[in-house]
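To start, the structure under review is shown below, and the notes come after it.
Taken together, the values in this text are just the output of simple stated rules run on the coordinates, not laboratory data. This is a predicted model, so every value here is computed, not measured. A quick note on method: Cβ atoms are made from the backbone with ideal geometry, for glycine too, and the neighbour counts reach across all protein chains shown.
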Amino acid sequence: MAVAVGAVWFGLVVVGVHVGEAVVSRHRVSAAADLGALAAAGQLAGGVAHACGRAEWVVERMGGRLVECLVEGWEVSVHVSGEATVFGAPNARARAGPAEP
């Protein structure tokens with residue numbers, strides 16, 4: 001009986017660790033997308049290629065992968081993915097640009 005209870009507790013701990021890993025990974029990818037979009041928006045004066053290059057630089061240093069960088073006027077949209085976990089690879093999108101009047 002004690003062995004069965006111990007096995008159940010061990011299983012719950014393992015599931016909890018994997019869920020925690022997925023949540024942390026999702027938060028990191030979301031932060032990388034936010035900062036990548038802000039970095040690109042801040043560099044738009046240097047051109048679209050320069051801005052998207054800066055977004056990629058920021059995202060890679062935060063452990064993500066820049067999937068897409070779109071510029072429409074002064075607004076930048078980025079799509080970032082992270083390393084796969086047990087529940088799949090986390091993805092995040094973010095936009096940055098000037099405030100609406």
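Across the range 11-54, which residue is farthest from PHE87 (Cα to Cα) among those that are of a type in the set (D, E, K, R) and touching a residue at least 24 places away in the same chain (Cβ under 8 Å)? Top of the filtered list is ASP34.
Residues being more than 15 Å from the chain's Cα centre (by Cα) and of a type in the set (Gly, Ala, Ser): count how many of those fall in the range 1-39. Give the derivation first.
Within the range 1-39, the first condition is being more than 15 Å from the chain's Cα centre (by Cα), and the residues that meet it are 1-20.
Next, from what is left, pick out any that are of a type in the set (Gly, Ala, Ser): 2, 4, 6-7, 11, 16, 20.
Residues that pass the stated criteria total 7.
Scanning the range 76-90 for residues that are farther than 12 Å from VAL59 by Cβ, under 12 Å from the mean Cα position of the chain (by Cα) and of a type outside the set (Gly, Ala, Ser) yields a count of 2. Just one of the numbered conditions (1) surrounded by 13 or more Cβ atoms within 10 Å (Cβ to Cβ); (2) over 30 Å from VAL14 (Cα atoms); (3) among the aliphatic types (A, V, I, L, M) is not true of ALA31: (2).
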